[in-house]
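The values are calculated or read from the model by the stated rules, or taken from the named source; none is laboratory data. Since the model is a prediction, treat every value here as computed from it, not as a measurement. Glycine also receives a Cβ, built like all others from the backbone with ideal geometry; neighbour counts cover every protein chain displayed. Accessible surface is based on the protein model in full, side chains and every heavy atom, while ligands, DNA and RNA are left aside. Shrake-Rupley method; radii C 1.70, N 1.55, O 1.52, S 1.80 Å.
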Amino acid sequence: MKTTTLIAAVSMLLPLVQAAVPSHFSDRAKEILAGSAAVQPTEYPLNIVYFLGNDNEPVADCERRLSEIMYYVQQFYAREMTRNGFPNRSFGMQMQENGNVKLHMVRGKHSHREYAYGTGHNKCLEEIREYADAHPGTIGSDHLLVIMPTFHDAEYNDLQPGGVPFYGLGRNCFALDYAHFDLRHLGQNTHEGRLLTKWLGGLAHELGHGLNLPHNEGTVTDMAAMGTPLMGAGNYTLGMKPTYLTLNSARLLDRCQVFAPAGDKTEFYAPCPRPEVQQASLQYTGKELVLTIRCNNTIHVNALVQAPPYAVNQDYEAVAFCATPEDETDASGFRTHRIIIPLSELTARQNTGKGEQGMDVLFTQPNGLRYRWRTTYNWESLKPGDMIPLDTQRDFWLGY
Ligand code: ZN
């Protein structure tokens with residue numbers, strides 16, 4: 001590529017409007033956030049709760065540190081949404097006048113040890129619901145990020161944080177805070193630098209789950225070009241090594257409530273019948289799998305290909321592919337979507353060419369509800385040209 005073309009291409013990627021970075025942010029954060037794109041205003045914010053027991057205190061300077069971190073994560077999502085064709089879209093946040101992110105400080109009724117990893121989220125979410133009822137209008141959406149300070153005991157401390165919930169559960173997700181959770185350590189090859197990638201990457205990944213995202217792996221080509229998908233093993237790479245959002249993730253976020261642009265009055269997640277599949281076929285051509293689906297009530301059709309087992313957290317290696325529409329939506333709301341899966345984009349990790357393989361088809365409805373439908377086939381019995389039998393009436397399930 002000629003240099004002039006390259007410059008033109010790079011300048012197209014630069015944000016048109018730059019976001020202001022608060023003056024009280026650390027110099028290192030200002031340096032990292034310089035050139036931030038202004039994110040499209042959203043109709044609904046992500047709610048961020050800083051949750052304490054009745055016997056512990058916030059970690060020092062948490063408002064500045066977590067604000068810098070949330071700006072960084074919001075910018076990562078915005079940059080990746082832009083690259084995937086959704087310019088400057090990211091999750092919205094409630095902001096304070098000084099530019100800090102609004103953290104809802106919620107104090108639990110019990111000792112902080114009652115809100116531990118594993119089951120502590122139940123009591124915590126119940127008490128956040130009570131807080132929301134007592135402060136009508138302050139919790140602005142269905143999506144919640146809860147941050148708790150690390151335990152301090154024989155096992156955990158600020159140099160080895162943990163003990164508190166750290167996972168995504170439906171539209172809620174949990175992350176943690178500790179003294180060195182600070183952008184100033186970003187990308188540094190020090191204990192604090194590696195810790196930051198682990199817990200910042202972890203926050204961004206669990207947040208992805210809380211924003212409706214399932215795990216996914218990238219294609220061979222995309223991973224060679226862009227590194228690790230955030231919703232694969234990107235929690236171990238963000239801030240340290242190239243990390244990206246797949247088009248599958250970006251399309252799901254396109255219909256996530258807290259990504260909806262200001263003025264979008266969609267009644268997100270309201271009950272909606274499952275998509276009706278009028279016609280579906282899956283063919284093995286010898287070089288690729290070709291899935292064709294004609295359905296209604298669906299804005300995006302994606303497919304995830306993986307080896308068994310299909311249990312929770314066994315899906316990090318599911319490679320994501322996205323459909324392109326083949327025609328316009330007809331008068332009864334049906335449209336044909338086609339997904340081409342080149343086998344060269346899958347590896348042996350997905351069992352390609354041998355044994356059983358599973359394909360989950362994800363249907364995203366305009367109001368953000370997601371349905372999943374699974375089909376499996378065995379490579380031992382597939383010959384080029386074969387049509388793989390599909391039973392599209394069976395085993396649809398809501399959400400994922
Ligand atoms: Zn995960």
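Length gained on full extension, Ala20 to Arg374: 122.9 nm, using 0.36 nm per residue less the C-alpha separation. Highest mean packing comes first when the peptides 312-318, 377-383 are listed by Cβ atoms within 10 Å, giving 312-318, 377-383. Build a GNM of the chain with springs between Cα atoms under 10 Å apart, and of Ile48, Ile388, Ile69 the one that fluctuates most is Ile388.
Given the Cα-Cα distance of Asp55 and Gln278 and 0.36 nm per residue of separation, how much length would full extension add, in nm? It would help to have the intermediate numbers written out before the result.
On the way: separation 223, 0.36 × 223 = 80.28 nm, distance 5.79 nm.
Difference between extended and current length: 74.5 nm.
Highest mean packing first, where packing is the average number of other Cβ atoms within 10 Å per residue, the peptides 270-276, 192-198 line up as 192-198, 270-276. Listed by chain and number, the lysines placed with their C-alpha closer than 27 angstrom to that of Lys198 are Lys30, Lys102, Lys123, Lys241; residues fewer than eight positions away on the same chain are left out. Each DSSP beta bridge with both residues in region 137-212 is either parallel or antiparallel, and the antiparallel ones are about 35%.
So for region 68-146, Kirkwood radius off the Cα pairs, Stokes-Einstein at 4 °C and 1.567 mPa s: how many µm² s⁻¹?
D, rounded to a whole number, is 87 µm²/s.
Scattering from region 251-400 was approximated by placing one identical point on each alpha carbon and applying the Debye formula without solvent; log10 I(q)/I(0) at 0.11, 0.12, 0.18, 0.20 1/Å stands at -0.44, -0.52, -1.10, -1.31. With the Cα gyration tensor of region 206-249 giving a ≥ b ≥ c as the square roots of its eigenvalues, does the rule (a/c under 1.5 for rounded; else a/b larger than b/c for prolate; else oblate) give rounded, prolate or oblate? Here region 206-249 falls in the oblate category. Taking 4 °C and 1.567 mPa s as conditions, region 198-280 diffuses translationally at an estimated 90 µm²/s according to Stokes-Einstein applied to its Kirkwood radius (Cα pairs). Based on protein heavy atoms only, the chain ends up with 44 Å² per residue of surface accessible to a 1.4 Å probe.
Kirkwood-type hydrodynamic radius, region 101-258: 16.8 Å, calculated from all non-identical alpha-carbon pairs.
Full-extension gain between Thr292 and Thr266, please, as 0.36 nm times their residue separation minus the C-alpha to C-alpha distance.
Details: separation 26, 0.36 × 26 = 9.36 nm, distance 2.83 nm.
Length difference between fully extended and current span is 6.5 nm.
Result for the chain in a Gaussian network model with C-alpha springs under 10 Å: among Asp330, Asp222, Asp386, the largest mean-square fluctuation is at Asp330. The ellipsoid equivalent to the alpha-carbon distribution of the chain has semi-axes of 37, 24, 22 angstrom, derived from the gyration tensor eigenvalues as √(5λ) and listed largest first. When both region 266-299 and region 68-142 are represented by their alpha-carbon centers, they are found 32 Å apart.
For the chain, adding -39500 (n - 2.57) for each run of n ≥ 4 DSSP H residues and dividing by the number of residues yields -7000 deg cm²/dmol at 222 nm.
Taking the 1.4 Å solvent-accessible surface of region 39-121 as the whole, the part contributed by carbon and sulfur is 49%. Here the Debye sum runs over all C-alpha atoms of region 151-197 as equal scatterers in vacuum, and log10 of I(q)/I(0) at q = 0.22, 0.24 Å⁻¹ comes out as -0.82, -0.89. Here each label is just a point 7 Å from Cα along the line to Cβ, and for Ala348 and Lys241 those points are 2.0 nm apart. Please list, by residue number, every one of the trypsin sites (Lys or Arg not before Pro) in region 323-381 that is coil in DSSP and has at most 12 other beta-carbon atoms within 10 Å. Those that pass, being in a loop and sparsely packed, are Lys354. Label-to-label distance, Lys383 versus Asn98, with points set 7 angstrom from Cα along the beta-carbon direction: 7.4 nm. Protection proxy ranking of 26-32, 389-395, by the mean of other Cβ atoms within 10 Å over each peptide's residues and highest first, is 26-32, 389-395. Between Glu326 and Val220, the modelled label-to-label distance comes to 2.6 nm, taking each label 7 Å out from Cα in the direction of the beta carbon. According to the calculation over all Cα-Cα pairs in region 289-334, the P(r) per 10 Å bin from zero is 21, 41, 27, 11, 0 %.
Within the listed set Ala280, Ala303, Ala331, the residue fluctuating most in the Gaussian network model of the chain (springs between alpha-carbon atoms under 10 angstrom) is Ala331. Calculated FRET efficiency, Lys198 to Arg28, Cβ-Cβ distance, R0 = 22 Å: about 0.75 to the nearest 0.05. Converting the Cα gyration tensor eigenvalues of region 87-187 into ellipsoid dimensions via √(5λ) gives semi-axes, longest first, of 23, 20, 13 Å.
Using C-alpha pairs under 8 Å with a sequence gap of at least 6, the mean separation divided by the residue count of the chain gives a relative contact order of 13 percent.
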